[in-house]
Amino acid sequence: MRQTLFADILLPLPLKDTYTYRVPLALNEQIAEGMRAVVQFGKKRILTGVVVRLHQTPPGEYATKTILELIDNHPVVLPQQLSFWKWMAEYYLCKWGEVMNVAIPSGLKLSSESRIQLHPAFQLSAAYSEAFSEKELLLLQALQQNESLSYDEAAKIVGNKPLYSLLKALLQKECILIFEQLKEKYKPKIVKKVRLHAQWQQQGEFALVELLQQLTKKPAQEAVLLRYLSLVPWQASPERQLNGVLKSELLVTGLSESAYKTLVKKQVLEEFEVCISRLDDMSTVKAGLPQLTDYQKEALAKINLQWQDKQTVLLHGVTGSGKTELYIHLIEQVLQSGSQVLLLLPEIALTTQIVARLRQVFGNRLGVYHSRFSDNERVEVWYGVLQGRFDAIVGVRSSVFLPFSRLGLIIVDEEHDPSYKQHDPAPRYHARDSALMLAHMQQAKVLLASATPSLESYYHAVEKKYGYVQLLQRFNNAPLPTVQFVNIKHESKAKRMIGEFAPNTLHAIRTALEAKQQIILFQNRRGYAPQLSCSTCQWVPYCQHCAVSLTFHLHSHELRCHYCGYRENPPTTCRQCGSKDIKTVGFGTEKIEDTVQSLFPEAVVQRMDLDTTRGKHSLQHIIDSFAARKIDILVGTQMVTKGLDFDHVSLVVAFDIDRALHYPDFRAHERVFQILTQVAGRAGRKTAKGTVIIQTTNPHHPVLEHVAAHRFEEFYQEELLQRKIYHYPPFIRLVEIVVKGEVEAEVEQAAEHVATELRKEIKACHILGPQAPPIARIRNQYLRCIWVKLERQGISLSATKQLIVAITDRIATNRAFKELHAVINVDPV
């Protein structure tokens, strides 16, 4: 007698734990942990879950439902992944199902499609046909011939007319049923191919010559066959004959589709379908390992030496020092040992250049994983890692969720970058920190690399928790750029500014253009102007849903909120006083692009920001064009600061830095130091010494002076001292609690209540707030922030975190706050 099996299923919902389902007896031999299962949750919801555990113990609290269906023949989620997801949920104070929902590509989740079928009790007969309209009869007759129809199929049958009223009428007459059919989102890519029919391959060359002679009277068919034989010669190997050619490649312009179909019908040609990878068309030009300089060889040896007793090594390599060449050697070293490698990058912008370089060495062993890929492409990378097709992966933060089983090395490039932190939705994880735990679980090594390491990583290196290797010499001994300041306060008073540009800046741009060099202009604010303002009464148009002014975009001629996406047309008159004197205030990348193009009309100017890189290949096109010197001046946001390598950039100009220096965030100075050092590193990487111009109102600010003198260690020691005095990371841990709701008074009251409870129940910590953040309302939700500072010693971190969760959960159970919710963000950045 077969024993009853039960399966604990992890569902993609914010639930505390798994749910137990009964396994149908027919699936007892097939089911395994890590497979996807279709289950019913509640009365109506059908979900895709993952089998976490199989056992024979029914739950005592509720009656079990039965698994409806298994999707897989083999596990698609590994035990190591489930453990990693569980750790992430516990550390970042979210639910296990929330991690699963983010971890699995949406292409691996089922979706439902509404379909129409005849009611089982309904019979269509001529006697009752008068009771239906012409369109209703058409649909009913089609349903008699088909088991079911989709909405789109039904719409075509009735002439693409609106279906709602027609379906409603047939439902009322009890003629049809509408049901939900589950389908897998992932669809393999299928292409049609053509080959010579097997009988002609067997009969030999003379039979084929005779066939061609017969077709001389049918020139269209003869042309198709000759075209095929030009692509696959008769003398080709049997394997080549069997593979055939793409139908699209065979039927070029001028050849008859009808003649082709006749040849297929006559069994001269044979049409067949094959499943191909969407990733196969990437170039795979093989090249040898790059030659290392003496400095790079020394750094490589030190990294390997320190890995002998440290899991993690911090590589501090100045911009242009050739860190990518080191990565290539380390990746080859690990692949030779039979292990897998993950190279994490903070932004999609970085993947385009580095992937091209790595693919030359590693070919199709290298996979790429990021959000610009379609759902189907991401599923194919997932399966590629699972099945061993890809040994090395280059990707952004979500790559930590891929099904690695023999991970040997994780490289975190630009490890300081805040883009590694996920903000919404949960889990609000940091990919760098998560990668450290992933490596620990799989006994892999970690290399953190940056020209401007985060204060936390540098501190851990100084404290000997991490190994520390420096690479302070640029590749080919290229000198670090010269940093110059332009005091725009003085230039403005003297009325010498031309738009956003000081005279010295314009002179430097002109000199670079005359020398046939390229220029990068950095302004970390997109749009034309951050706001419009009435010159008479100073009225400013604000977003209807957020406490922020609307940004003016010239090219699309609209006002736009960069937080919720709200848009409206720019006003022609002031809504407060009626004045027509509306002016722009401040400037963004659009305005700089517009100004520089008018001042240097002979130069080719391109903007690189979120607005110009929305298309799948638009970012790649801009980078390729700039690398090919088709663009003279590149204007961009922080995208242009991150690891891009261009040979002919001699000048970088940074605008509006003062705003970032005075932003109310304890990391503001660190961020400015990092971003200026990084953008400065784009200049003078290969040829002449580069120049960096920083336009500021305070050229003697200590942070700017450190940037100009390339004083990394001095800056970091000063910042560490400040962090220690005022109790900020890396000396303590931070947890941010944000209370949200549509009624401001309720949000304030709830936040005060949470802060009071925290102070009462958690003694060994400091509580800051509640207070409104710089933007106190987003998407009609008022916000209040509470920061919990936890000591690194003397407390139980997990117990304290659970107490924080318990206190914030009380908001949901308090009737006065039932419309509010609290978001917990561990290690905010």
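The values are calculated or read from the model by the stated rules, or taken from the named source; none is laboratory data. The structure presented is a predicted model; accordingly, all values stated were derived computationally and were not measured. When we count neighbours, we look across all protein chains shown, and the Cβ atoms used for this are built from the backbone with ideal geometry, even at glycine. With ligands, DNA and RNA removed, areas are computed over all heavy atoms of the protein, side chains included. Shrake-Rupley method; radii C 1.70, N 1.55, O 1.52, S 1.80 Å.
Observations, loosely collected:
- Here is the figure for the range 808-818: residues that are in contact with a strand residue (DSSP E or B) (Cβ under 6 Å, 6 or more places away or on another chain) and not hydroxyl-bearing (S, T, Y) total 1.
- Residue match in the range 648-664 (condition: more than 20 Å from T352 (Cα to Cα), out of contact with any strand residue (DSSP E or B) (no Cβ under 9 Å at 6 or more places or on another chain) and among the hydrophobic types (A, V, I, L, M, F, W, C)): yes
- Matching residues in the range 519-546 - criterion: being small (G, A, S) and either surrounded by 19 or more Cβ atoms within 10 Å (Cβ to Cβ) or within 27 Å of the chain's Cα centre (by Cα) (or both): G527, A529, S533
- Any hit, the range 588-595, residues being open to solvent by 50 Å² or more (accessible area, probe 1.4 Å) and in contact (Cβ under 8 Å) with a residue 12 or more places away in the chain: yes
- Scope the range 321-367; condition in a helix (DSSP H, G or I) and small (G, A, S); matching residues: A349, A356, G363
- Within the range 689-708, tally of residues that are hydrophobic (A, V, I, L, M, F, W, C) and out of contact with any strand residue (DSSP E or B) (no Cβ under 8 Å at 6 or more places or on another chain): 1
- Pairs are defined by a Cβ separation below 9 Å, a sequence spacing of at least 6 or placement on different chains, a first member in the range 688-716 that is closer than 25 Å to V649 by Cβ and of a type in the set (F, W, Y), and a second member that is open to solvent by 50 Å² or more (accessible area, probe 1.4 Å) and part of a helix (DSSP H, G or I); the pairs so defined are F715/H669; F715/P702.
- Residue in the range 319-328 that is at negative phi, open to solvent by 30 Å² or more (accessible area, probe 1.4 Å), at pLDDT 90 or above and hydrophobic (A, V, I, L, M, F, W, C) present: no
- Those residues of the range 477-518 which are on the phi > 0 side of the Ramachandran plot, surrounded by 13 or more Cβ atoms within 10 Å (Cβ to Cβ) and free of Cβ contacts under 8 Å to residues at least 60 places away in the same chain, in sequence order: none
- Taken over the range 253-275, the criterion of being aliphatic (A, V, I, L, M), in contact with a helix residue (DSSP H, G or I) (Cβ under 7 Å, 6 or more places away or on another chain) and not in a helix (DSSP H, G or I) is satisfied by L255, V268, L269.
- Just one of the listed residues (T691, T697) is of a type outside the set (A, V, I, L, M), more than 29 Å from H766 (Cα to Cα) and over 35 Å from the mean Cα position of the chain (by Cα), and it is T697.
- Total residues in the range 454-476, condition open to solvent by less than 50 Å² (accessible area, probe 1.4 Å) and closer than 21 Å to A683 by Cβ: 2
- Enumeration of residues in the range 233-264 that are touching a Lys or Arg at 6+ places or on another chain (Cβ under 7 Å), closer than 17 Å to Q203 by Cα and open to solvent by less than 60 Å² (accessible area, probe 1.4 Å): Q241
- Of all residues in the range 609-636, those satisfying the criterion of being within 26 Å of Y420 (Cβ to Cβ) and open to solvent by less than 20 Å² (accessible area, probe 1.4 Å) are D609, T613, L619, I622, I623, F626, L634, V635, G636.
- Of the residues contained in the range 64-84, none is found to be free of Cβ contacts under 8 Å to residues at least 12 places away in the same chain and open to solvent by 20 Å² or more (accessible area, probe 1.4 Å).
- Residue in the range 195-207 that is touching a residue at least 60 places away in the same chain (Cβ under 8 Å), more than 45 Å from the chain's Cα centre (by Cα) and not in a helix (DSSP H, G or I) present: yes
- Top-ranked residue in the range 33-57 [being modelled with pLDDT of 90 or more and in a loop (DSSP other than H, G, I, E, B); ranked as nearest to L108 (Cα to Cα)]: M35
- Of all residues in the range 6-19, exactly one satisfies the criterion of being outside any loop (DSSP other than H, G, I, E, B) and open to solvent by 20 Å² or more (accessible area, probe 1.4 Å), namely Y19.
- Residue among K297, K302, K310 that alone is open to solvent by 10 Å² or more (accessible area, probe 1.4 Å) and assigned to a loop (DSSP other than H, G, I, E, B): K310
- Taken over the range 792-829, the criterion of being open to solvent by 30 Å² or more (accessible area, probe 1.4 Å), within 33 Å of the chain's Cα centre (by Cα) and not aliphatic (A, V, I, L, M) is satisfied by R792, S798, Q802, D809, E819, H821, D827.
Condition check ((1) open to solvent by 60 Å² or more (accessible area, probe 1.4 Å); (2) under 29 Å from P503 (Cβ atoms); (3) in contact with a Ser or Thr (Cβ under 7 Å, 6 or more places away or on another chain)) across all residues:
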position: R560; (1), (2), (3): no, no, yes
position: P570; (1), (2), (3): no, no, no
position: P601; (1), (2), (3): yes, yes, no
position: T641; (1), (2), (3): no, yes, no
